[in-house]
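The values are calculated or read from the model by the stated rules, or taken from the named source; none is laboratory data. Keep in mind that this is a model prediction, so the values were computed, not measured. Cβ placement follows ideal geometry from the backbone for every residue including glycine, while neighbour counts extend to all protein chains displayed.
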Amino acid sequence: MSKKKTKFNINLGKTLGDIKSNMDRDVSKKILPSSELVQNLSKDFAFVPVEQIEVNPDQPRKNFDATDLNDLKESIKIHGLIQPITVRRMAEGQYQLISGERRWRASQLAQIKEIPAFIRVANDAEMMEMALVENTHRADLNPIEIAITYHRLVNEFDLTHEKLAERVESSRTSVTNFMRLLKLPEEVQKALKDRKISMGHARALIGVDDYAGQVALLNSVLVEGLSVRALEKIIKISKAPKVPKESGKSNLTADYLHVQDQLSRYLGSKIQLKRDTKSGKGTITINFSNDSDLNRLIELIEE
């Protein structure tokens, strides 16, 4: 026997309250823990008691601004929750968040008893994928949170970058670029997560071969406020082949040029090595940009 689907025609004159009244009449006739009901509701939304919803432990977003939550709470008190959250049905009267934790938290603060929710049917892998897709489209995830979730999907569910790109509606290149962020030093990752540097800065630092150089350049960005273009220029110059100046006492062989280059990369600063070809005596000059940079160099040398 075919079942009549619940349809919702949302217009400017119809509120969620009106929809709820219609839904209550239709759904109350078949409040059963059946897969048919869940499949039907997965296409529309129902009003779910806030207390029956639990947090998704794999939710990519972990931090919620208190001021932002309070502002949303006040908006919900006045206008109600306009955009439904998304949950999956765990058992009778038990749901787990897929996306919309910020809206759910604000509804709790507003002491709302029921909120509109899309009800999905998904296993853990599908739920995590949907959480990522929903949040990357609707929430303000930082790049590191996205990268960590991409990494989990690839490793826990045996996905290639191509397959993951299809599921999160992105390009393979974008997926790869996000995951490469996790190879950066923790200092760089934290700066990106705290929005002290941009994704452009982080991508430029990926091109630096050694840890010390990446941290040194990060400090320069933070202290001097370097733009992405300025940072890229510095990195390009540091990678350019070193050409020794023509001078009687400063000509360096390939071995000494290699030493000079290695020191420069390790310390993350311009190094000038001079050596007298006759006596073997010489000097090493280390450049620094400010007191903070000097302290960084001292710590590296002490180590």
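For ILE237, are the conditions met, namely being under 27 Å from ALA202 (Cα atoms), modelled with pLDDT of 80 or more and assigned by TED's automatic domain parsing to the domain that holds GLN214?
yes
Among the residues of the range 66-77, are any in contact (Cβ under 8 Å) with a residue 24 or more places away in the chain and assigned to a loop (DSSP other than H, G, I, E, B)?
Looking for residues that are in contact (Cβ under 8 Å) with a residue 24 or more places away in the chain and assigned to a loop (DSSP other than H, G, I, E, B), one finds none in the range 66-77, hence no.
Quick check on my filter: what residues within the range 111-141 are modelled with pLDDT of 85 or more and either surrounded by 20 or more Cβ atoms within 10 Å (Cβ to Cβ) or farther than 16 Å from ILE85 by Cβ (or both)?
Across the range 111-141, the qualifying residues are GLN111, ILE115, PRO116, ALA117.
Could you tell me whether any residue of the range 243-258 is at pLDDT 85 or above and outside any helix (DSSP H, G or I)?
Looking through the range 243-258, none of the residues is at pLDDT 85 or above and outside any helix (DSSP H, G or I).
What are the residues in the range 78-109 that are part of a helix (DSSP H, G or I), over 23 Å from LYS193 (Cα atoms) and at pLDDT 85 or above, if any?
Selection gives TRP104, ALA106, SER107, GLN108, LEU109.
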